[in-house]
Amino acid sequence: MSRRHVAKPAVSSLPPLLVRIIEAARHAPHDPTDRTGHDQVLEELSQWALVYVPSRGVLAPSDESAYKFIEGAAVRYLEYGDARRAFQDALQAVASADERNLIEEAHNRLQTESDDAYYYAGLACGVTLAQLSGIR
């Protein structure tokens, strides 16, 4: 079975509010948190939402393909893969107090990156739904 290639829509095809949020993320100079990649993950998840929301709805994704797509975006733009590897490495460590601390730190990082990806997916779906509600 061959895979269909779906062309990636231009940023201009996104709802205007999402474009503004992506641009804000791209140019957030006063944010004390390193937001490297956040604009890119939001843009990619927004493109995904343009297809996902009309076909699957706005409720939280419950299918494996959605989880894989969101996690893939987190790996590409939010260092999720590095965080996951750090967690796996920490689990292999002996359970001394120092090593437990390493596990806790790695887990916190993993959870933070995952939370960001799911937040942006939800934001993209919500704004896309709002945009679609104006279509007659």
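Each value in this text was obtained by applying a stated rule to the coordinates, not by laboratory testing. Here the structure is a predicted model, which is why all the values come from computation and not from measurement. Cβ sites come from the backbone with ideal geometry, for glycine too, and all protein chains shown count toward neighbours.
Note on the chain: GNM, Cα springs under 10 Å; of ALA93, ALA124, ALA73, the largest mean-square fluctuation is that of ALA93. Using θ = phi - 60° in the Karplus curve 6.51 cos²θ - 1.76 cosθ + 1.60, the 3J(HN,Hα) couplings for the stretch 59-64 round to 5, 3, x, 10, 10, 4 Hz; x is entered for Gly and Pro.
Calculate the FRET efficiency for GLU23 and ALA66 from the Cβ-Cβ distance with a Förster distance of 30 Å, rounded to the nearest 0.05. Write out the running numbers ahead of the final one.
Working: r = 26 Å, r/R0 = 0.86.
Here the calculated transfer efficiency is 0.70.
Does the stretch 27-101 come out rounded, prolate or oblate, given a ≥ b ≥ c as the square roots of the eigenvalues of its C-alpha gyration tensor, rounded meaning a/c under 1.5 and, failing that, prolate meaning a/b above b/c? Kindly include the intermediate steps, with their values, before the conclusion.
On the way: a/c = 3.22, a/b = 1.54, b/c = 2.09.
Oblate, because a/c is 1.5 or more while a/b does not exceed b/c.
Coupling constants for the stretch 34-39 follow from the phi torsions by the Karplus curve (6.51 cos²θ - 1.76 cosθ + 1.60, θ = phi - 60°), and in residue order they are 5, 9, 4, x, 5, 5 Hz; glycine and proline get x. Here the Karplus curve 6.51 cos²θ - 1.76 cosθ + 1.60, taken at θ = phi - 60°, turns the phi angles of the stretch 99-113 into couplings of 6, 4, 4, 4, 5, 4, 4, 5, 5, 4, 5, 4, 5, 4, 5 Hz, with x standing for Gly and Pro.
Please report the orientation-averaged projected area of the chain, defined via the convex hull of its C-alpha atoms, in nm². Walk me through the numbers on the way to the answer.
On the way: hull surface 44.1 nm².
Mean projected area of the Cα convex hull: 11.0 nm².
Within the listed set ALA97, ALA86, ALA28, the residue fluctuating most in the Gaussian network model of the chain (springs between alpha-carbon atoms under 10 angstrom) is ALA97. Among LEU132, LEU50, LEU78, LEU59, the ranking by other beta carbons within 10 Å of each residue's beta carbon, starting with the fewest, stands as LEU59, LEU132, LEU50, LEU78. Distance between the pseudo-spin-label points of ARG56 and ALA95 (7 Å out from Cα toward the beta carbon): 3.7 nm. If you take the square roots of the eigenvalues of the alpha-carbon gyration tensor of the stretch 65-136 and sort them as a ≥ b ≥ c, do you get rounded (a/c under 1.5), prolate (a/b over b/c) or oblate? Prolate, since a/c reaches 1.5 and a/b exceeds b/c. Comparing ASP89, ASP39, ASP98 in a Gaussian network model of the chain (Cα springs below 10 Å), the most mobile by mean-square fluctuation is ASP98.
When each of VAL58, VAL127, VAL51 is scored by the number of other beta-carbon atoms lying within 10 Å, the sequence from fewest to most is VAL51, VAL58, VAL127.
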